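**Q** This is the structure, below, for whatever I ask next.
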Amino acid sequence: MSDTLITGGRRLELKIRLVQQIFYNVKKSRSGKPAQVEIMAADPVLLPSLVVLGAKGRVPLGPNDSGTRVMHRISPGALDSVHPMIISLPPVNGLNAGINLRLFPQNQSDSNWLQINHPAADKSTL
């Protein structure tokens with residue numbers, strides 16, 4: 001959607017993007033199956049590249065948080081309101097249980113229009 005504002009003889013075109021909300025859950029690995037991230041949205045949305053970040057013993061605050069490790073990268077894609085996107089995470093090698101996961105946009109400028117609702121810390125721990 002583009003709107004035109006006319007000011008002082010100058011023409012500006014603005015691209016206005018509505019804020020989109022997504023939700024996710026972390027499903028722990030069980031009986032040999034890998035852990036999964038299930039991403040859902042109330043309305044259809046085109047997702048940007050996302051990253052699943054992990055930190056041992058604490059919640060990752062963002063991509064630039066020291067001690068945070070990229071656990072998985074998620075390619076851009078469409079998400080509808082009916083079918084969740086289910087991402088299988090690779091095995092966590094060399095780390096014990098107690099890793100907290102958080103989902104973030106890979107490009108931080110996408111945080112301007114994409115609101116990610118994180119689950120409670122105890123629901124996002126491997």
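The values are calculated or read from the model by the stated rules, or taken from the named source; none is laboratory data. Worth saying up front: this structure is predicted, and the values here are computed from it rather than measured. Cβ coordinates were reconstructed from backbone atoms using ideal geometry, including for glycine residues, and neighbour counts include every protein chain displayed.
**Q** Which of the residues spanning the stretch 32-57 are at pLDDT 85 or above and either exposed (fewer than 13 other Cβ atoms within 10 Å of the Cβ) or farther than 16 Å from residue 73 by Cα (or both)?
**A** 40, 41, 42, 43, 44, 45, 46
**Q** Hey, any hits in the stretch 75-85 for a residue that's at pLDDT below 85, aliphatic (A, V, I, L, M) and in a strand (DSSP E or B)?
**A** No, the conditions are met nowhere in the stretch 75-85.
**Q** Ok, one more. Just one of 6, 22 is among the aliphatic types (A, V, I, L, M) and modelled with pLDDT of 90 or more; which is it?
**A** 22
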